[in-house]
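Structure, as structure tokens:
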Amino acid sequence: MADSLILEVADFEVDVLTGIYSEETGRPQPLRITVQAKLKAAERYLADTPLSASKNYMDLKFAASEAFPPGLHFKLIEAVADHICETLFLQDARVEAVTVKIVKLAISENGEKIGITLTRVRR
């Protein structure tokens, strides 16, 4: 098995245009998103290893927040997750796989975590 590096940005909230019901459309919904990106690990990470040997964590957060086209409405949160995966694959050829977990905060009634987890592998 090859060494790998998993970068993660977890549990941040973003308002996204998503939903299929009339009360959901036309206004952003709060989503809690966690993004993991798998890269091939460098042979060693030493004290002076440059960032270019890894990936900037903020790229993950950007893909799951600011990289959405303005005004685009996603019917399904699965499509939101897919867009995040594709954005990260396009950003960096070293990204081998992406996992996105999305929790829809607006539909939780008793603190449940209602949502999806999508994993895509570079093809």
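The values are calculated or read from the model by the stated rules, or taken from the named source; none is laboratory data. None of the values given here were measured: they were computed from a predicted structure. Don't worry about glycine lacking a Cβ; one is built from the backbone with ideal geometry, like all the others, and counts go over all protein chains shown. What goes into the accessible areas is simple: the full protein's heavy atoms, side chains included, and nothing from ligands, DNA or RNA. Shrake-Rupley method; radii C 1.70, N 1.55, O 1.52, S 1.80 Å.
Listed values, structure above:
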| item | result |
| --- | --- |
| Size of charge dipole - the chain - debye, nearest 20, with Cβ of Lys, Arg +1 and Asp, Glu -1, no other charges | 320 debye |
| Karplus 3J(HN,Hα) series, Hz, for the stretch 7-20 with 6.51 cos²θ - 1.76 cosθ + 1.60 (x for Gly, Pro) | 9, 9, 10, 10, 6, 9, 9, 9, 8, 10, 6, 7, x, 10 |
| Whole-percent carbon and sulfur share, accessible surface of the chain, 1.4 Å | 53 percent |
| Average accessible surface area per residue within the chain, 1.4 Å rolling probe, Å² | 63 Å² |
| Long-range HN-HN contacts of ALA42 with modeled amide H, under 5 Å | none |
| Cα-based radius of gyration of the stretch 1-121 once divided by 2.2 N^0.38 Å, which approximates compact folds | 1.16 |
| Cα long-axis angle, helix 77-91 against the chain (0 to 90 degrees, to the nearest 10) | 30 degrees |
| For the chain: relative contact order, % (alpha-carbon pairs under 8 angstrom, 6 or more apart) | 28 percent |
| Over 24 Å between alpha carbons, listed pairs LYS40/LYS61; LYS55/LYS104; LYS75/LYS113; LYS55/LYS113 | LYS55/LYS104; LYS55/LYS113 |
| The chain, helix-only ellipticity at 222 nm - DSSP H runs n ≥ 4, -39,500 (n - 2.57), divided by all residues, nearest 500 | -5500 deg cm²/dmol |
| Most fluctuating residue given options ALA81, ALA67, ALA106, as computed from a GNM of the chain linking Cα atoms under 10 Å | ALA106 |
